[in-house]
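So the structure is just underneath, and the comments pick up after that.
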Amino acid sequence: MGAVDLPALIHGEATCELSWRRWLAETRCHELSVQDWLPARARLVIVAPHPDDEILACGGLIATHVTQGGRVLIVAVTDGEASHNDSPSFNREDLAYIRRHERWLGLRHLGLSQPMVLALALEDGNVQQQGSVLLQRLMSLLQPDDVVVSTWENDGHPDHDTTGQMTRRASAAIGCACLAAPVWMWHWATPGDARVPWPRLRGLPLSAAAGLHKQAALAAHRSQLNPRSADLGAVLGPAIVQRAAWRTEYYFI
Ligand SMILES: [Zn+2]
């Protein structure tokens, strides 16, 4: 998830996961059809601010595309080295190494035998200051027939927001399809929240197999699921782990 000294929107308890499920079931947002917008021949490019965001944002979509023989490239914006800044148990260099390995293991669980990861190694927690570098790198690697997914640009975490903004700008310039996945939004927003563009939200139903692959992939991120130290909880709390088990993924079009 990234740095744990989190900005204003992301603090305290997450919005109750059950209240989201109830509201989403009533709201019945439009469905995305994978066949319509993600042909098997297309390259799916995931721009992930931190290791684990590719799973939390779109792990089921990746597993689905791999099953239909599609190619996947992960653009790893940072190595997530700042997630344990306030823990005495880890230094940043060790944590970056651990999280790169967890990312690789997680992607293997999504069906990628040799995951293609382009690591940009921007500084975790400081992507906002490196937005122009990120934009340039994306402009040089995206191709018009790619389908691109990143975090939503109003997700509430500066790294997620900048990644979303730069991915949208690069995709528009190159002419590729781009979707934005909310990750932290589910934490700070409430059902029907006026700050969220609900008419743009689409649901992608996952097969049982894709859902199971996603959960196995998330379990590989042990550094984020285990307590950071004797008196610091896990980075990923119960609500986000429960949301990762939903059989629908949500994207803003
Ligand atoms: Zn993150």
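Sort through Ala181, Ala216 and tell me the only one that's in contact (Cβ under 8 Å) with a residue 40 or more places away in the chain, open to solvent by less than 50 Å² (accessible area, probe 1.4 Å) and within 16 Å of the ligand (Cβ to nearest atom).
Details: Ala216 fails: within 16 Å of the ligand (Cβ to nearest atom).
Going through Ala181, Ala216 in turn, the sole match is Ala181.
Might you check whether a residue that is assigned to a helix (DSSP H, G or I) and touching a residue at least 60 places away in the same chain (Cβ under 8 Å) occurs anywhere in segment 78-90?
no
Listed here are the residues, each with its yes/no results for (1) in contact with a Phe, Trp or Tyr (Cβ under 8 Å, 6 or more places away or on another chain); (2) within 15 Å of the ligand (Cβ to nearest atom); (3) at pLDDT below 95.
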| position | (1), (2), (3) |
| --- | --- |
| Ala63 | no, no, no |
| Gly70 | no, no, no |
| Ile74 | no, yes, no |
| Gly80 | no, yes, yes |
| Ser83 | no, yes, yes |
| Arg103 | no, yes, no |
| Met116 | no, no, no |
| Leu120 | no, yes, no |
| Asp124 | no, yes, yes |
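Across segment 104-133, what is the total count of residues that are open to solvent by less than 60 Å² (accessible area, probe 1.4 Å) and either under 19 Å from Gly70 (Cβ atoms) or touching a residue at least 60 places away in the same chain (Cβ under 8 Å) (or both)?
Summing the residues that are open to solvent by less than 60 Å² (accessible area, probe 1.4 Å) and either under 19 Å from Gly70 (Cβ atoms) or touching a residue at least 60 places away in the same chain (Cβ under 8 Å) (or both) in segment 104-133 gives 11.
Quick one: which residue in Asp52, Asp79, Asp36 is of a type outside the set (S, T, N, Q), closer than 19 Å to Ala181 by Cα and within 17 Å of the chain's Cα centre (by Cα)?
Asp52
What number of residues within segment 1-34 satisfy the criterion of being more than 16 Å from the ligand (Cβ to nearest atom) and at pLDDT 80 or above?
Residues that pass the stated criteria total 21.
Looking at segment 96-149 only, could you name the residues that are under 19 Å from His84 (Cα atoms) and over 16 Å from the mean Cα position of the chain (by Cα)?
Hits for segment 96-149 are Ala96, Tyr97, Ile98, His101, Ala121, Leu122, Glu123, Asn126.
Filtering segment 148-175 down to residues that are among the aliphatic types (A, V, I, L, M) and out of contact with any Pro (no Cβ under 8 Å at 6 or more places or on another chain), which residue is surrounded by the fewest Cβ atoms within 10 Å (Cβ to Cβ)? First the steps, then the outcome.
Residues of segment 148-175 that are among the aliphatic types (A, V, I, L, M), as a first pass: 148-149, 166, 170, 172-174.
So of that shortlist, the ones also out of contact with any Pro (no Cβ under 8 Å at 6 or more places or on another chain) come out as 148-149, 166, 170, 172-173.
Values: Val148: 24, Val149: 24, Met166: 25, Ala170: 24, Ala172: 10, Ala173: 12.
By that ranking, first place goes to Ala172.
Mind checking which residues of segment 184-202 are closer than 25 Å to Trp37 by Cα and more than 15 Å from the ligand (Cβ to nearest atom)?
Val196, Pro197, Trp198, Pro199, Arg200, Leu201, Arg202
Scan segment 34-67 for residues that are in a helix (DSSP H, G or I), surrounded by fewer than 21 Cβ atoms within 10 Å (Cβ to Cβ) and in contact with a helix residue (DSSP H, G or I) (Cβ under 8 Å, 6 or more places away or on another chain) and jot them down.
Residues satisfying the conditions are Val34, Thr67.
The values are calculated or read from the model by the stated rules, or taken from the named source; none is laboratory data. Remember, it's a predicted structure, so these values are computed and weren't measured experimentally. Ideal geometry is used to build each Cβ from the backbone, glycine not excepted, and the neighbour counts take in all protein chains shown. For accessibility, only protein heavy atoms count, side chains too; no ligands or nucleic acids. Shrake-Rupley method; radii C 1.70, N 1.55, O 1.52, S 1.80 Å.
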